[in-house]
């Protein structure tokens with residue numbers, strides 16, 4: 001799979017469709033994001049599998065925002081899984097990236113990872129290699145719903161109380177791009193204490209994930225205290241879907257219900 | 001740490017004492033939460049009701065500086081109930097009778113009188129710790145920063161040996177080191193009495209080995225500890241000082257005394273990445289490279305030696321530490337001619353048995369944990385597997401000694417110091433970070449609600465806090481986190497320097513000051 005992707009990326013360079021490719025590279029026994037500007041460097045190219053499939057994933061789309069701001073004229077290729085593609089689709093809609101300047105090079109996740117993620121769409125539309133893998137329906141949301149109201153409150157209170165306010169969930173999130181973050185708004189959530197005021201801190205973040213979260217799960221992976229954020233946001237996504245018929249990242253032409261400005265209110 | 005970080009998640013009982021783990025060592029806390037989710041028992045002993053306390057199966061609040069009495073009380077219960085590991089004691093240890101004799105006196109009732117913890121809780125602590133198949137102890141500066149710091153650590157070692165909880169997976173006595181490379185700095189002989197790898201300076205064969213390697217005559221006498229240094233300056237025994245990545249003007253106890261000493265020096269040079277208060281009064285400041293601007297290794301709390309790689313060039317005139325040291329050395333008359341950190345690493349391996357097999361070509365990925373004596377050695381996950389470094393583990397009978405200073409009519413409160421979650425040490429780095437600064441711009445004194453109302457203080461009021469060494473002004477934060485009669489303050493803030501107040505009384509062996517206990521007066525300030 002890797003070789004096919006490398007060939008594809010080389011073609012993109014050769015055809016002058018991109019000036020750089022954002023992917024992953026293994027170096028000194030570590031896998032990390034890497035901006036390939038020379039096809040010759042692709043020898044160390046990695047799909048992010050170290051000890052198990054997809055254990056080294058990074059928010060490449062978020063890194064691309066920073067690169068695009070620095071090099072607005074350049075065109076970038078980018079390695080995408082299903083979730084990365086969904087993130088990019090949202091970022092195009094929110095005008096964080098120019099679609100014309102981005103070429104996605106997609107590959108499917110293995111079934112094992114799809115199951116661990118309970119991912120409904122573990123492959124991108126922009127597949128250049130591999131087969132479309134079967135989507136998985138989440139059971140984790142159900143498990144928590146079955147705890148009953150009291151059990152759920154107890155469960156989430158215990159989990160939220162572990163928070164050390166490291167902002168890892170926000171900082172790794174591919175669709176967190178606000179210049180001013182409400183989580184750092186002292187009037188809303190008093191600063192200087194851990195755990196941060198609960199449940200407001202985590203509910204503010206959950207509310208901001210509505211219509212935005214593309215279910216990549218990087219937040220939960222980054223969380224050092226084991227708060228099941230992905231499960232929380234999966235439920236948020238279900239609510240948005242049932243109320244507005246919208247699933248972030250799936251349709252390119254459909255805007256988020258929170259992205260549409262209504263009629264100007266009368267003065 | 002005797003054991004490695006990841007082993008914590010497979011422990012059956014975790015005893016955290018004097019460590020605010022979620023705040024100071026979050027990735028160790030990760031494993032505590034994982035262990036707890038796997039069904040492990042958690043015991044937390046801390047004078048402050050820290051975040052981790054609310055997750056504990058048993059949280060106890062000992063009075064400041066009473067750890068020896070608490071641990072002796074636990075051991076008394078263990079021995080009385082026969083929960084000790086006779087086989088381990090017989091095969092692996094010595095001097096057990098002395099321990100037994102001392103511990104016999106520390107009934108739960110006596111221990112309770114000293115610590116303020118109920119005899120029932122002391123018994124439960126002993127039971128949880130002793131009866132679990134694998135129990136591990138995690139501690140930090142809450143144990144060491146006392147005039148009885150060495151006694152406290154020895155007591156924890158006694159407890160682990162008594163129950164056979166050392167030299168095995170997911171057990172051990174685990175000090176959580178504060179800085180990313182404080183373990184490495186100690187390993188490299190950044191202590192006054194040892195060469196790299198804890199090789200004693202007063203051992204003839206060791207000295208000869210280093211003299212031969214470095215082609216120079218070496219002293220056979222230990223140097224001064226940091227805390228002995230300031231009095232020595234004022235006595236005229238030390239005239240010049242080079243300070244590297246330290247800010248003693250804010251970090252050391254009894255700041256006024258430290259400042260007087262630093263100003264008395266004929267020559268003071270400071271090497272740092274920022275202009276610290278200590279650097280402000282130096283004759284020469286040498287700008288250093290940050291972690292992202294240098295090559296080399298860090299050795300973390302689990303003895304893991306890891307490579308760091310330069311990502312960007314140091315700004316302006318800043319240079320890497322080894323270059324600065326080499327340049328100073330060459331100018332003061334000892335020629336060094338290293339060309340790279342790797343060359344230095346090879347010298348370390350050739351002179352330091354525990355680092356003997358650690359070379360750059362082996363340091364990809366996760367790095368290596370010492371002892372790693374040779375090229376084929378895979379590194380050591382946990383220490384003391386079949387024998388202790390000295391052979392048999394030595395029990396010490398240790399009596400409880402009260403802290404050097406206790407509250408009285410003039411200074412009626414206990415003061416203890418520590419960290420807050422966003423700031424690190426003297427704030428040299430963290431207070432320069434806009435996001436961390438925004439999270440907390442000034443320090444505060446934690447006061448129990450009952451005490452605050454007795455003094456007439458409201459949350460956010462300013463208070464004057466005085467000890468026998470000096471006084472400072474700080475806002476107060478009213479919280480049940482501290483017990484009645486105890487106040488807490490962080491030491492990050494120059495404007496409200498907790499170390500103006502702290503007691504420079506030292507542990508007689510380690511010479512560590514008693515940052516965790518002193519007596520203060522708190523008054524309203526307007």
Based on the Cβ-Cβ distance of residue A:70 and residue B:101, what FRET efficiency does E = 1/(1 + (r/R0)^6) give at R0 = 56 Å, to the nearest 0.05? 0.20
Give the distance, in whole Å, between the Cα centre of region B:449-526 and the Cα centre of region A:188-267. 42 Å
Evaluate the Debye formula for region B:85-177 with equal point scatterers sitting on the alpha carbons, no solvent, and hand back log10 of I(q)/I(0) at q = 0.19, 0.22, 0.25 Å⁻¹, in q order, two decimals. -1.09, -1.40, -1.50
Distances over 43 Å make up what percent of all Cα-Cα pairs in chain B? 18 percent
CD proxy at 222 nm, helix term only [per DSSP H run n ≥ 4: -39500 (n - 2.57); per residue of chain B; nearest 500]: -8500 deg cm²/dmol
In nm, to one decimal, how far is the residue A:157 label point from the residue A:11 one, both placed 7 Å along Cα→Cβ? 5.8 nm
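Tell me the Kirkwood hydrodynamic radius of region A:165-267 in angstroms, computed as one over the mean inverse distance between distinct C-alpha pairs. Could you put the intermediate results ahead of the total?
Numbers: mean 1/r = 0.0670 Å⁻¹.
About 14.9 Å, per the Kirkwood formula over Cα pairs.
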With label points set 7 Å from each Cα along the Cα-to-Cβ direction at residue B:361 and residue A:206, the distance between them in nm comes to 5.5 nm
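Considering only DSSP beta bridges where both residues belong to the protein assembly as shown, give the percentage that are antiparallel (nearest 5). Don't skip to the end; give the middle numbers.
Values: 35 of 81 bridges.
That works out to approximately 45 percent antiparallel.
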For all pairs of alpha-carbon atoms in region B:96-242, what percent lies in each bin of width 10 Å, listed from the first bin to the last filled one? 9, 24, 30, 21, 13, 4, 0
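Which value, in nm² and rounded to one decimal, describes the direction-averaged projected area of the C-alpha convex hull of region A:2-117?
For region A:2-117, averaging the hull's shadow over all directions gives 7.2 nm².
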Of all DSSP beta bridges with both partners in chain B, the antiparallel percent, nearest 5, is 40 percent
In whole Å, largest first, the alpha carbons of chain A cover along the principal axes 58, 53, 37
Percentage of interatomic Cα-Cα distances in region A:87-231 larger than 28 Å: 28 percent
Region B:413-524, Cα convex hull volume normalised per residue, Å³: 100 Å³
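Based on alpha-carbon positions alone, could you give the equivalent ellipsoid semi-axes of region A:166-211 from the gyration tensor, as √(5λ), descending, whole Å? All intermediate terms of the calculation are to be shown ahead of the outcome.
On the way: eigenvalues 60, 25, 22 Å².
Over the Cα atoms of region A:166-211, the ellipsoid semi-axes are 17, 11, 11 Å.
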Part-to-part distance (alpha-carbon centres) for region B:43-87 and region B:89-135, which is given in Å: 9 Å
Just the number, please: percent antiparallel of the DSSP beta bridges in region A:2-117, rounded to the nearest 5. 55 percent
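Normalised by the empirical 2.2 N^0.38 Å for globular proteins, what value does the Cα Rg of the protein assembly as shown take? Let's see the in-between values first.
Values: Rg = 28.8 Å, N = 793, 2.2 N^0.38 = 27.8 Å.
Its radius of gyration relative to the 2.2 N^0.38 Å reference: 1.04.
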Where the Cα atoms of region B:231-377 are projected onto their three principal axes, how long is each span, largest first, in whole Å? 52, 33, 30
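What is the calculated FRET efficiency for residue B:473 to residue B:256, with r their C-beta to C-beta distance and R₀ = 22 Å, to the nearest 0.05?
The computed FRET efficiency comes out at 0.90.
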Here the equivalent ellipsoid of region B:80-121, derived from its Cα gyration tensor, has semi-axes (largest first, whole Å) of 25, 12, 7
Between the alpha-carbon centers of region B:151-170 and region B:187-252, tell me the distance in whole angstrom. 30 Å
In whole angstrom, largest first, the equivalent ellipsoid semi-axes that the Cα gyration tensor gives for region A:135-210 are 24, 18, 10
Specify whether the C-alpha gyration tensor of region B:5-176 places it in the rounded, prolate or oblate class, a ≥ b ≥ c being the square roots of the eigenvalues: rounded for a/c under 1.5, otherwise prolate if a/b is larger than b/c and oblate if not. oblate
Using R₀ = 25 Å, calculate the FRET efficiency as 1/(1 + (r/R₀)^6) where r is the Cβ-Cβ separation of residue B:235 and residue B:284; round to 0.05. 0.60
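Read-outs throughout are calculated quantities, based only on the coordinates presented, and are distinct from any laboratory measurement. The structure displayed is predicted, hence computed values, not measured ones. All Cβ positions, even for glycine, are placed from backbone atoms using ideal geometry, and neighbour counts span all protein chains on display.
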